[in-house]
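Okay, so here's the structure we're looking at.
Since every read-out is calculated from the coordinates, none of them should be taken as a lab result. All values reported here derive from a predicted model rather than from experimental measurement. Here Cβ is always computed from backbone atoms with ideal geometry, including for glycine, and neighbour counts include all displayed protein chains.
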Amino acid sequence: MKENKGKNRIIRLATEKDKEKILALYKAQIGKPFCVWSEHYPTIKEIDFDLSREALFVMVKEDTLVATISLDDDPFVKNLPCWTKSLQPGGEISRIAVADEYKNQGIARQMIAYAMDVLKERDFVSCHYLVCKENLAALKSYEPLAFTKVGECKLDGHPYWCYEKVL
């Protein structure tokens, strides 16, 4: 996957050197409105899992971590009955985080578009994600991406909408 460049920002595959910055960005989201993350999730365990599969991407501007996104491999999500059978295999995007000073600039959508390109290069037919029903900011931000709401589920005690799109 090529690096995506623009506005002095680069989207690229994350490396071991990015781990602490990614973890700090995850932790900075805890307690914010609509965020259901906690000190127990996401952790370095998820970062290591993503790095081991070349499934973690970052947007950087010089030495600053702007955003991160992962291509998850969660058996619970993969096996939800709402995914369209003819659109399999489907890849899951997850753990999107944008640094506060870069929010409301369309960066989450840029990260999703980049992740979708990676999934397509990796021969996935569709892309899907879950978004907590309470996360109004994410719901509004992802609206222009034209994903189809295909179902709902509960995960860790929170209600989620399930979204899917052909690649």
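Table: residues versus (1) among the β-branched types (Val, Ile, Thr); (2) in contact with a helix residue (DSSP H, G or I) (Cβ under 9 Å, 6 or more places away or on another chain); (3) more than 19 Å from Ile10 (Cα to Cα).
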| residue | (1), (2), (3) |
| --- | --- |
| Leu87 | no, no, yes |
| Ala97 | no, yes, no |
| Gln105 | no, no, no |
| Met111 | no, no, no |
| Arg122 | no, no, yes |
| Cys132 | no, yes, yes |
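Just so you know, in the range 122-166 the residues that are buried (at least 16 other Cβ atoms within 10 Å of the Cβ), among the aliphatic types (A, V, I, L, M) and without any contact (Cβ under 8 Å) to a residue 60 or more places away in the chain include one that is nearest to Asp73 (Cα to Cα), and it is Leu130.
For every residue, the table says whether it meets (1) under 23 Å from Lys133 (Cβ atoms); (2) surrounded by fewer than 15 Cβ atoms within 10 Å (Cβ to Cβ); (3) in contact with a Ser or Thr (Cβ under 9 Å, 6 or more places away or on another chain).
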site	(1), (2), (3)
Ala24	no, yes, no
Lys32	yes, yes, no
Val36	yes, no, no
Glu39	yes, yes, no
Met59	no, no, yes
Pro81	yes, yes, no
Glu101	no, yes, yes
Leu119	no, no, yes
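The residues of the range 7-60 that are among the small types (Gly, Ala, Ser) and either out of contact with any helix residue (DSSP H, G or I) (no Cβ under 9 Å at 6 or more places or on another chain) or free of Cβ contacts under 8 Å to residues at least 24 places away in the same chain (or both), listed by number, are Ala24, Gly31, Ser38, Ser52, Ala55. Selection of the range 89-99 for residues being of a type outside the set (A, V, I, L, M) and surrounded by 13 or more Cβ atoms within 10 Å (Cβ to Cβ) yields Gly90, Gly91, Glu92, Ser94, Arg95.
Of the strands (runs of 3 or more DSSP E) lying entirely inside the range 35-98, those containing at least 1 residues that are out of contact with any strand residue (DSSP E or B) (no Cβ under 8 Å at 6 or more places or on another chain) span 64-72.
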